[in-house]
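Chemist: Questions regarding the structure given below will be posed in turn.
The values are calculated or read from the model by the stated rules, or taken from the named source; none is laboratory data. Remember, predicted model here, so these are calculated numbers, not experimental data. Please note: Cβ atoms are built from the backbone with ideal geometry, for glycine as well, and neighbour counts cover all protein chains shown. These accessible areas exclude ligands, DNA and RNA; they are computed on the full protein's heavy atoms, side chains included. Shrake-Rupley method; radii C 1.70, N 1.55, O 1.52, S 1.80 Å.
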Amino acid sequence: GKRDVEEGSDLEDDDDDDGKPLVRGGQAGTEDSGWKQVHGDVFRAPSFLPLLAAILGTGWQLVTLVVGVVLFAVAGPLHGEVHEERGEVLHAILVCYSLSSVVAGYASGGYFKLYHATTAAGRGGKGATAAGGGATQWQLTMALTVLLLPTVLGGVLAFLNGIALVYGTIFYIPFLVMLKLFFLWVFVSVPLCIVGTLMGRHAKLGGGRGGDPFPCRVNAIPRPIPDDVPWYGVPANLVPFAGLLSFGSIFIELYYILTSLWNYKFYHVYGFLLGVYAILCLVVCMTTIIVVYFCLNAENYLWQWTALCSGGSTALYVFLYSIYYFVFKTSMHGFVQTCFYFGYMSLISLGLGTLCGTLGHWAGSKFVRTIFQNVKVD
């Protein structure tokens, strides 16, 4: 993409005295085709902004959580245990989750603030964002960020608990433990998330000209998105490829993680896991940037959800792999075991998808900002 950006800035250099680009040969369309056309729409607020903000907040929380827990496990020999007990890792997960709620609130609040300014409601009341629509949207964003992950998690766990109790197996989570988790969530996680949202809301974000967070102004009227684009300009065709590449980078390690989860072998190579995590982050970022670039070249400026999906599509492949693993590598059978396996695997896939989607979206937004920084617009 870099060469294209440089070529693009060469094209832009031949301006006349007023700084308006000269039209060569009477056709403006050919010279300035592709991603430059959408500079007035590329920073338009995505649809369902509160939901996207909440998903990204949750994603950053999960990124923090994974790094925290894996580092805790890598540092095992430092705090006494060489081989982590399962309980210790769970403990670390709970502590990291509760504390990283600040991150979730901050990320979602900041993201919402950034794009809310470009919506009609945000434009109407400059300075007074909380006027009318702004306030309810804020509260919605905050509520979604607080509730999204725990609701899904709680729902699945409650369902599995119900099954375990009905069938009388030993795998259910006792009521008191559920109560403790609930109190941990209410008294630690929620307040931290709200504090984070408020911090994100009042943070100074972006650094464009004149306090403008984006390099390009957003036009008042959205451009129509062309229909006659080649197959690689359609986001739905590109997203599965992006997921396949990032799945390929974690595929072998996934086998060992699943084996340690379901076949009762202990997992010790946390340092290696950290390396695989780093590779996954890199691959997700690269593939998402490519997808976003192709979409912008097809003059499709709706890149935010595309970036999220192209990172998150890894989850689909992880889930498909877990089905293969269940059928061929485990000897599980019966209703209870099947439910437990797929309940937990869907949770893991969802978590991984949110995490990768967030990383992808972050890389995509950095890329979009960078290429549009150098576009001269009259």
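Chemist: Which of the following residues is at pLDDT below 95 and open to solvent by 10 Å² or more (accessible area, probe 1.4 Å): G311, G334?
Modeler: Values: G311 fails: open to solvent by 10 Å² or more (accessible area, probe 1.4 Å).
The match here is G334.
Chemist: Could you list, in sequence order, the residues of the range 135-156 that are open to solvent by less than 60 Å² (accessible area, probe 1.4 Å) and free of Cβ contacts under 8 Å to residues at least 24 places away in the same chain? Don't jump to the end; show me each part of the working.
Modeler: Residues of the range 135-156 open to solvent by less than 60 Å² (accessible area, probe 1.4 Å): 135, 138, 141-146, 148-150, 154-156.
Listed by number, the residues that qualify are A135, A143, G154, G155.
Chemist: For the range 119-226, list the helices (runs of 4 or more DSSP H) that sit wholly inside it and hold at least 1 residues that are under 23 Å from G351 (Cα atoms) and either at pLDDT 90 or above or in contact with a helix residue (DSSP H, G or I) (Cβ under 6 Å, 6 or more places away or on another chain) (or both); which are they?
Modeler: Details: elements: 120-124, 133-167, 175-184, 190-202.
In the range 119-226, 133-167, 175-184, 190-202 are the helices (runs of 4 or more DSSP H) which contain 1 or more residues that are under 23 Å from G351 (Cα atoms) and either at pLDDT 90 or above or in contact with a helix residue (DSSP H, G or I) (Cβ under 6 Å, 6 or more places away or on another chain) (or both).
Chemist: Kindly evaluate V292 against the criterion of being in contact (Cβ under 8 Å) with a residue 12 or more places away in the chain, open to solvent by less than 60 Å² (accessible area, probe 1.4 Å) and in contact with a Cys (Cβ under 7 Å, 6 or more places away or on another chain).
Modeler: no
Chemist: Suppose we filter G271, G311 for residues that are over 13 Å from the mean Cα position of the chain (by Cα) and either small (G, A, S) or part of a helix (DSSP H, G or I) (or both); which single one remains? First the steps, then the outcome.
Modeler: Working: G311 fails: over 13 Å from the mean Cα position of the chain (by Cα).
Within the list G271, G311, the selection yields G271.
Chemist: Among the listed residues G87, G40, which satisfies the condition of being within 22 Å of L274 (Cα to Cα) and either at pLDDT 80 or above or open to solvent by less than 50 Å² (accessible area, probe 1.4 Å) (or both)? Step through it out loud before you land on a result.
Modeler: On the way: G40 fails: within 22 Å of L274 (Cα to Cα).
Unique residue meeting the criteria: G87.
Chemist: Could you please let me know if F328 is over 26 Å from I279 (Cα atoms) and either in contact (Cβ under 8 Å) with a residue 24 or more places away in the chain or exposed (fewer than 15 other Cβ atoms within 10 Å of the Cβ) (or both)? Steps first, answer last, please.
Modeler: Details: over 26 Å from I279 (Cα atoms): yes; either in contact (Cβ under 8 Å) with a residue 24 or more places away in the chain or exposed (fewer than 15 other Cβ atoms within 10 Å of the Cβ) (or both): yes.
Yes, satisfied.
Chemist: Let me spell it out: the conditions are (1) open to solvent by 60 Å² or more (accessible area, probe 1.4 Å); (2) over 30 Å from V89 (Cβ atoms); (3) of a type in the set (V, I, T), and I279 meets all of them except one. Which number is the exception?
Modeler: Evaluating I279 over (1) open to solvent by 60 Å² or more (accessible area, probe 1.4 Å); (2) over 30 Å from V89 (Cβ atoms); (3) of a type in the set (V, I, T) leaves (2) as the failure.
Chemist: Taking V284 as the residue in question, decide whether it is in a loop (DSSP other than H, G, I, E, B), surrounded by 13 or more Cβ atoms within 10 Å (Cβ to Cβ) and touching a residue at least 24 places away in the same chain (Cβ under 8 Å).
Modeler: Here the answer is no, as V284 does not meet what is asked.
Chemist: So, in the range 246-262, of the ones that are closer than 25 Å to G87 by Cα and of a type outside the set (A, V, I, L, M, F, W, C), which residue ends up modelled with the lowest pLDDT?
Modeler: S260
Chemist: Among the residues in the range 28-35, are any at pLDDT below 80 and open to solvent by less than 10 Å² (accessible area, probe 1.4 Å)?
Modeler: The answer is yes; a qualifying residue exists.
Chemist: Separate question: Criterion first (out of contact with any helix residue (DSSP H, G or I) (no Cβ under 9 Å at 6 or more places or on another chain) and part of a helix (DSSP H, G or I)) does S322 satisfy it?
Modeler: No.
Chemist: Can you pull out the residues in the range 223-254 that are over 24 Å from the mean Cα position of the chain (by Cα) and either over 20 Å from G34 (Cβ atoms) or open to solvent by 70 Å² or more (accessible area, probe 1.4 Å) (or both)?
Modeler: Listed by number, the residues that qualify are P224, D227, D228, W231.
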